[in-house]
Amino acid sequence: MNHLSTLFVFLTALIAVGQEDLLEGLEPEIDQEVVATWKSLKVVNFETTKLVAPKEFQLIISHRFGSVENGIDDLFGMDNAVTRFQFAYGLTEWMHVEASRTGFNKTYQLATKFKLKKQIEEGFPFSIALFTAMDANTELDKSIFPKLEFIDRLGYTAQFIVARKISKRLSAQLSPTLFHQNFVTFDPQDNTQYAMGLGARYKLTNRWSLNADYGYHLNRADGSPFVNPLSIGVDLETGGHVFQMHFTNAQPMLTNGFLSQATGDWTKGRFYFGFNLVRVF
C-alpha cells in the first residue's frame, strides 16, 4: 500500500509538471521591439524613423554657419549663419506633427511623420516611417517676379524611411524621396524631383555616436550648379536633450532645400559647420 501511495504521489507530481510545461508552451510570445536605432529625429540632414513620444514636446534649434572657406574674414562662416526653429509634438505612438521656420529663403514648414512598422527581434527586420511636409518660401519677391502667386511659393515632400539596427552599435537606413517645388531656382530643372538618401549611425560610447548621410539626386538637370549633399557629424546625448554637431556641404536644412540647393564642395573647403540642439519637454 505504501508503494502504491508513493507511486500515486510521484505520478501526480509528474503530471503537474507536464501541465505547467504545456501551458508555458501555449503562452503567446510577445514581440520584442528593437529600440534606440536612432537617438534623434535626424541622422544629420535626413529624417530618421524615430518619432516624438506621445504627449511629448520637442524644441529643436538648428544652426548652420556659412562656408568655412573664407577663414577668419567672416569668422569661418559665423557671419553668414542660418537658423531653424522647429517644434514637434507626439500625437500618438505612430504619429507626430511639426512646425518650423528657417532663415534660408525665410521658409515655413508644416510636417508629419508616421511610424508604419517596427523592427522586431527575431521578427520583422526593419523599422519603416513616412515623412510628409509642405513648405512656403516667403523670400520670393513679387517686385522681381510680378506674376508670382502664393501657390508658387509652396513645395511638398514625401519620404519613406527604411531603417535597420544591424548590431548594438550600428544602424543604417535608406530614404527614397519625392519632392515637388512649384518654383525652381534653376529653370531647366523639373519641378518634381526624386532622390535616394543613405544614412548610418555608429555608437562610440553610451553618450557619443558618429553619424553620416548622403543624398543622391536622381533627376538633376544637366548644367545644374547644385550638388548632392554629404554630411558627417557626432551626437552627444546628455540627459533630456541630444546635441548634434556636424559638417555638411549643404546650408539649407529642409529636405527639398538640401536635396535641391546644396552648393558646397568638400574638395575646395566649401562646407558648413552646424549643430542641432534637441530639448525634450
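The values are calculated or read from the model by the stated rules, or taken from the named source; none is laboratory data. Please read all numbers here as calculations on a predicted model, not as lab measurements. A quick note on method: Cβ atoms are made from the backbone with ideal geometry, for glycine too, and the neighbour counts reach across all protein chains shown.
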Here's a check for you: in the stretch 173-219, which residue that is charged (D, E, K, R) and without any contact (Cβ under 8 Å) to a residue 40 or more places away in the chain is surrounded by the most Cβ atoms within 10 Å (Cβ to Cβ)?
Lys203
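Going by what's in this entry, would Ala158 be described as surrounded by 15 or more Cβ atoms within 10 Å (Cβ to Cβ) and touching a residue at least 12 places away in the same chain (Cβ under 8 Å)?
Values: surrounded by 15 or more Cβ atoms within 10 Å (Cβ to Cβ): no; touching a residue at least 12 places away in the same chain (Cβ under 8 Å): yes.
So Ala158 does not fit the description; no.
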If I filter the stretch 69-77 for residues that are outside any loop (DSSP other than H, G, I, E, B) and either on the phi > 0 side of the Ramachandran plot or modelled with pLDDT of 95 or more (or both), do I get at least one hit?
yes
Residues in the stretch 259-281: is at least one outside any strand (DSSP E or B), under 18 Å from the mean Cα position of the chain (by Cα) and surrounded by 16 or more Cβ atoms within 10 Å (Cβ to Cβ)?
yes
Looking at the stretch 266-273, can you tell me whether even one residue there is under 21 Å from Thr107 (Cα atoms) and free of Cβ contacts under 8 Å to residues at least 40 places away in the same chain?
no
Checking the condition of a type outside the set (A, V, I, L, M), touching an Asp or Glu at 6+ places or on another chain (Cβ under 6 Å) and at pLDDT 95 or above, which residue from Ser260, Ser231 passes?
Ser231
Go through the stretch 120-140 and count every residue that is surrounded by 14 or more Cβ atoms within 10 Å (Cβ to Cβ), touching a residue at least 60 places away in the same chain (Cβ under 8 Å) and either in contact with a Gly (Cβ under 6 Å, 6 or more places away or on another chain) or closer than 17 Å to Ser171 by Cα (or both).
5
Given the options Ala129, Ala133, Ala111, name the one that is over 21 Å from Gln261 (Cβ atoms) and either of a type in the set (Phe, Trp, Tyr) or modelled with pLDDT of 95 or more (or both).
Ala129
